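Student: Please find one structure pasted underneath; my questions will follow.
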Amino acid sequence: MKRKIVAIAVSMCMVVAVCVGLCACNPTEQKAVSYVSMDINPSIEMTLDSHNKVLSVRGANEDGQVLLYGEADIVGLDVEKAVAKITELAVEYGYLDDGNKVVQTNVVADKGAEEILSKVNAKITATAQNLNMSVTCDGANAFSLARKLDNLKKDYPDNAAIQALTPAKLKLVVSASETGEISVEAAAELDTAELVEMVSNAHSQMKEYSTAAYNKAKTVAEDTFEKLKAEAVDSVYTTYFVAHHALESYYAFAYQGYKLSAVATNAVADVMFYAEQACGRPLNEQQIVAVSQALGLGDNVDVLKNSQGEITVNSIEAYADKMFKNSELNAELEQLKERLTQALNEAESAIQAEIDKFNEKYQAELEQIRDTIKAAADSIQTFISGLLPDETKRQIESVVNNMTDIVNEIANIIADGKITADEVRNLANKLGDKSVAARKVADSILTDAERDEIARLQAKTEEKLANAKNQMDEAIAKAQADAQAYLQQLKDARTSK
C-alpha cells in the first residue's frame, strides 16, 4: 500500500521537513552507539558515544529547538550533565512547571540501554528537585507516537520490519528519515546500530537555526543553482569528449543524461518532500471543530495554536501529549484519546488527498526527465553499426539497456497514479549512482592531460555562473538570518513570561 511515509514521519511532532535543532559531532570519537530522547514538550534527542558522552543534540520539534538555541555547550558533556542542563533550561524557560511535571524518556542501544536510562531518569528528577520541582520520569509512549505507530502498522500489515517496530525504535526511524534521504519503510529495515549512527550523522548536517522555513529556503536555492550548474558545466565534458573520442562518446552521453536527470529528479523530490508535510498544514474550520469537540474544548481553541497562530496536527498533538501525560489514567481519558485519534485521522486523510492532487502536477516533469534519458539512449543507439567489434557493440547495448530500464521505471512511477517523494528520491539516487559509474568509465578513457583540460574549461564555465552563485548564497544567508531572528524572538518571549 503506497503512502507518503515521510508525511507520516513528520506528523509525530518531531519537526517538519527536513529537521531542526542544535547539533555537532565530536571528531575525536569514532561513532554514536546509543540514542536518548526526552519529551517534555519540548522534545529533545541526543546520540552518545561508547563513553556516554554527547556526540549530538537537537530539538526534535520547535519548542525543543527554541530551548537549545544558543546552548552549544551541551555537546561533549557526559549524558548525566547534559540532561541536567536540559532540565534546568526547561524549568528556566517555563516548559517544566506546575502544569507539566512529566518527562517521557527513552534510550535505544544495542547494550547498556537500561543502565543509561536509569542514570538519565535519576539525574532529571534530582535536578528538578534542586530547583524545587517534583518531576516524574515516565517511559510511557506519547499519544502522538502511539497513534502514528498504530496507523503505520495498519497501513503496512505485510511489512515484517514495520510490524516489529517498537515506539522507541520508531522515534529513531523517524529521526533518520527527516532528511528526506530515506523513507520510514527503508529505515525500519535497519538495525539499531545502523540507525543510531545514521541519526548522529544526520544531526551533523544540521545547524542550530535549521528551522523548517530555513531548510526549505536553502534547499530551493541550492536546487536552482545546481540545475544551472549541471546544464552548463557537464555539457562542457560531453562536448570535449565527443570532439576527442567520438567513437567512445556514448559513455559521456550516458553520463550527462544521468547527471542532468539526477539533479532534476532530486529537485522534484525536494519540492514534493516539503509539500508532503501534512502535519504542518493548517486545519480547516470543520476539522478544528471536530478536534475541539473530541477534546471538549468548546470555543477555546487558542490552546491548540502553534507559535504562528495556526492549528495543525503537530500543534494539536503537542497539546494532547502534554495534557495526557500529566493526567491520571482512567476510562474517560482513554475515550477522549479515541475521539481525538478519530478526528486527527480524518483530518490527515483529507489533507493527504490534497497532497496526492498536488503531486500529480509533477507527472509532467517526470515525463520530461524520462524523455531526456530516452533521447540520450536513442543517441547512443546510433553508435551501433556493422563496422564495430562485437565487444564494443555489447558495451553500447548494455548502456542503452540500463537507460531503458530507468525509462521504464519512471513510466511505472507515473502509471499508478500516485507519485511520492520517497519513490522520486529513490529514482534520483539511482540516477546519481549511474552518472558516477558512467563518468568513471568515461574518465578512464581520457588521458591525464585531457582530464586537466576539461577541468580548466569547466572552471571557466563555472566562473560565468558567479551571479547565480551569489543569488544562492544571498538567499541562504537571508533564510539563516530570518531563522535566527525567529528563534531568538521565541526564546525572548519565554524569558519575559
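The values are calculated or read from the model by the stated rules, or taken from the named source; none is laboratory data. Note that this is a predicted model, so its numbers are computed, not measured. Cβ atoms come from the backbone with ideal geometry, glycine included; neighbour counts cover every protein chain shown. Protein only, heavy atoms only, side chains kept; ligands, DNA and RNA dropped before computing areas. Shrake-Rupley method; radii C 1.70, N 1.55, O 1.52, S 1.80 Å.
Student: Need one number: nm distance between label points at D299 and E226, each 7 Å from Cα along Cα→Cβ, rounded to one decimal.
Tutor: 5.0 nm
Student: Ignoring ligands, DNA and RNA, what percent of the accessible area of the chain is carbon or sulfur (1.4 Å)?
Tutor: So the carbon and sulfur contribution to the accessible surface is 49 percent.
Student: I'd like to check one number: the per residue accessible area of the chain, probe 1.4 Å, reported in Å² as a whole number.
Tutor: I get 45 Å² per residue for this part.
Student: Here's a follow-up. Membrane-span-like helices in the chain: DSSP H runs reaching 20 Å or more (Cα, own axis), mean Kyte hydropathy at least 0.0?
Tutor: 250-275
Student: Continuing with the same structure: Taking H placed 1.01 Å from N in the peptide plane, check which residues at least 5 places from D138 or on another chain put their amide H under 5 Å from its amide H.
Tutor: Amide H neighbours of D138, under 5 Å, 5+ apart: V103, Q104, T105.
Student: Sticking with this structure for a sec: So I have [x] 25, 59, 16, 0; [y] 21, 56, 22, 1; [z] 21, 49, 24, 5, 0, and one of them is P(r) over Cα pairs in 20 Å bins from 0, in percent calculated from this model. Which one is it?
Tutor: Correct label, based on the coordinates given: [z].
Student: Continuing with this model, one more query. Cα-Cα over 25 Å: which of K85/K153; K53/K85; K154/K434; K81/K216; K440/K460; K31/K491?
Tutor: Among K85/K153; K53/K85; K154/K434; K81/K216; K440/K460; K31/K491, the Cα-Cα distance tops 25 Å for K85/K153; K154/K434; K81/K216; K31/K491.
Student: What is the distance, in nm, between label points placed 7 Å from the Cα along the Cα-to-Cβ direction at S204 and at V441?
Tutor: Here the modelled spin labels are 3.3 nm apart.
Student: Describe numerically, in nm with one decimal, the distance between label points set 7 Å from Cα along Cα→Cβ at E88 and at L131.
Tutor: Label-label distance for E88 and L131, simple model: 1.0 nm.
Student: Take the Cβ-Cβ distance between D492 and N284 as r, set R0 to 35 Å, and report the resulting FRET efficiency rounded to the nearest 0.05.
Tutor: Between D492 and N284 the formula returns 0.60.
Student: Here is a further query. Pull up the cross-link candidates among the aspartates and glutamates for K430, meaning alpha carbon to alpha carbon under 12 Å and not fewer than 8 places away within one chain.
Tutor: Leaving aside aspartates and glutamates fewer than 8 places away in the same chain, those within reach of K430 are D405, E409.
Student: Rank K322, K81, K148 by accessible area, highest first, at a 1.4 Å probe radius?
Tutor: K81, K322, K148
Student: What lysines sit close enough to K418 to cross-link, taking a C-alpha to C-alpha distance under 18 Å and skipping anything fewer than 8 places away on the same chain?
Tutor: Cross-link targets: K2, K4, K357, K361.
Student: Please check which bits of segment 250-287 a label hung off T404 would reach, taking the label as a point 7 Å along Cα-to-C-beta and the cut-off as backbone N under 19 Å.
Tutor: 250-251, 253-255, 257-258
Student: Then there is this: Once fully extended, how much extra length lies between N330 and D448, figured as 0.36 nm per residue of separation less the alpha-carbon to alpha-carbon distance?
Tutor: Contour length minus the Cα-Cα distance gives 35.0 nm.
Student: A follow-up question, please. Within segment 370-395, which residues have the backbone N less than 18 Å from the label spot 7 Å out from L247 along Cα→beta-carbon, could you tell me?
Tutor: Label zone hits: 380-395.
Student: Next question. Restricting to DSSP loop positions (anything but H, G, I, E, B) with no more than 16 other Cβ atoms inside 10 Å of their own Cβ, which GluC sites (Glu not before Pro) remain in segment 131-240?
Tutor: E189
Student: What is the distance in Å between the Cα centres of segment 119-142 and segment 34-71?
Tutor: That distance is 16 Å.
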